[in-house]
Amino acid sequence: MPATLTRLDVLTGLAATLAGVGLAPSARAQAGPVIAAAASLQSVLPQIVEAFRAQGGGPVRVVFGSSGAFTTQIEQGAPFELFLSADRPYVERLADKGLTQDRGVLYAEGRIALFVPRGSPLKVDGQLKDLAAALKDGRLRRFAIASPAHAPYGRAARQALVHAGLWRPIQPRLVLGENVAQAAQFASTGAAQGGLIAYSLALAPELAPRGRSALVPGDWHQPLDQQMVLLKAAGPVARSFYAFLQGPTARAAFDRYGFVLPARRLR
């Protein structure tokens with residue numbers, strides 16, 4: 001599996017991968033379709049790509065980032081062929097503008113989790129009760145989430161903090177990631193004492209050994225309905241991969257990384 005698709009730190013600079021409204025020359029030189037994928041898929045999607053190739057599929061180039069930023073890039077003409085969003089409204093927005101082949105399909109529902117790195121003074125508590133206590137007693141200095149402005153997992157994190165009554169007091173201590181993978185990096189490497197991140201990233205082999213995690217109740221935030229869609233420029237390999245993502249191999253991989261599969265929601 002290519003290291004460029006597995007390391008969390010490749011997601012910290014979207015500008016290093018995209019240039020203006022198009023792909024950087026190094027990405028354009030890659031064979032195969034270019035796919036825009038939500039950062040929450042950073043751990044699971046490379047495995048699905050490898051399985052696709054092993055079963056005779058063509059090469060696929062994946063670029064990870066925030067769904068909101070990708071939506072803007074696509075509106076400005078970025079040459080992606082498939083978009084895996086972390087939230088359905090971004091796909092609907094592109095479909096309404098005639099930039100997609102149809103309105104796409106739901107491939108998974110995401111979940112958020114509290115991640116606490118080793119050595120942190122915070123306790124692993126999906127109800128966020130110790131986080132509230134840490135705000136009061138001064139244990140909490142920095143806490144990571146993705147930017148709510150354009151990252152669906154950041155928006156879900158904000159909604160969960162609002163539900164818990166913590167949004168206002170925690171704001172001065174927030175460290176915002178460009179996307180949820182960058183927030184996960186902050187939460188796991190000492191830049192923050194914890195964070196609300198994608199459960200799929202908390203389960204990743206690169207991240208899980210660095211700390212512990214606990215699911216936040218799913219009804220504390222709006223559902224993260226992760227929708228994917230073929231864009232107007234999609235060719236045969238992209239269409240084949242799109243179908244593969246809906247098959248048993250991909251569904252099993254999504255399940256292993258904590259995603260809720262369509263028609264099997266959990267609360």
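The values are calculated or read from the model by the stated rules, or taken from the named source; none is laboratory data. If you're wondering where the values come from, they're calculated on a predicted model, not measured in any experiment. Note that each Cβ is placed from the backbone with ideal geometry, even for glycine, and that neighbours are counted across all protein chains shown.
Does the stretch 133-157 hold any residues that are without any contact (Cβ under 8 Å) to a residue 60 or more places away in the chain and surrounded by fewer than 18 Cβ atoms within 10 Å (Cβ to Cβ), and which are they?
Scanning the stretch 133-157 gives Ala133, Leu135, Lys136, Asp137, Gly138, Arg139, Arg141, Arg142.
Select from the stretch 224-253 the residues that are more than 16 Å from Val49 (Cβ to Cβ) and among the polar types (S, T, N, Q) and write down the one among them that is surrounded by the fewest Cβ atoms within 10 Å (Cβ to Cβ).
Of everything passing the filter in the stretch 224-253, Gln227 is surrounded by the fewest Cβ atoms within 10 Å (Cβ to Cβ).
Could you check the stretch 187-223 and list, in sequence order, the residues that are closer than 17 Å to Pro152 by Cα and either in contact with a Lys or Arg (Cβ under 7 Å, 6 or more places away or on another chain) or surrounded by fewer than 16 Cβ atoms within 10 Å (Cβ to Cβ) (or both)?
Scanning the stretch 187-223 gives Tyr199, Leu215, Pro217, Gly218, Asp219, Gln222.
Select, from Ala144, Ala133, the only residue that is over 13 Å from Val216 (Cβ atoms) and over 23 Å from the mean Cα position of the chain (by Cα).
That would be Ala133, the only listed residue that is over 13 Å from Val216 (Cβ atoms) and over 23 Å from the mean Cα position of the chain (by Cα).
If you take the residues in the stretch 24-79 that are among the basic types (Lys, Arg) and modelled with pLDDT of 95 or more, which one is farthest from the chain's Cα centre (by Cα)?
Arg53
Taking the options Ser200, Ser213, name whichever one is touching a residue at least 12 places away in the same chain (Cβ under 8 Å), more than 17 Å from Ser67 (Cβ to Cβ), in contact with a Leu (Cβ under 9 Å, 6 or more places away or on another chain) and among the small types (Gly, Ala, Ser).
From the options Ser200, Ser213, the qualifying one is Ser213.
Between a residue in the stretch 47-75 that is among the acidic types (Asp, Glu) and any residue that is surrounded by 21 or more Cβ atoms within 10 Å (Cβ to Cβ), which pairs come within a Cβ distance under 8 Å, given they are 6 or more apart or on different chains?
Here the result reads Glu75/Leu94, each pair linking the stretch 47-75 to a residue that is surrounded by 21 or more Cβ atoms within 10 Å (Cβ to Cβ).
Here is a list: Ala86, Ala51, Ala113, Ala108. Which entry is within 30 Å of Pro209 (Cβ to Cβ), surrounded by fewer than 17 Cβ atoms within 10 Å (Cβ to Cβ) and not β-branched (Val, Ile, Thr)?
Answer to the selection: Ala51.
Do we find that Pro121 is in the same structural domain as Asn179 (by TED's automatic domain parsing) and touching a helix residue (DSSP H, G or I) at 6+ places or on another chain (Cβ under 9 Å) in this structure?
yes
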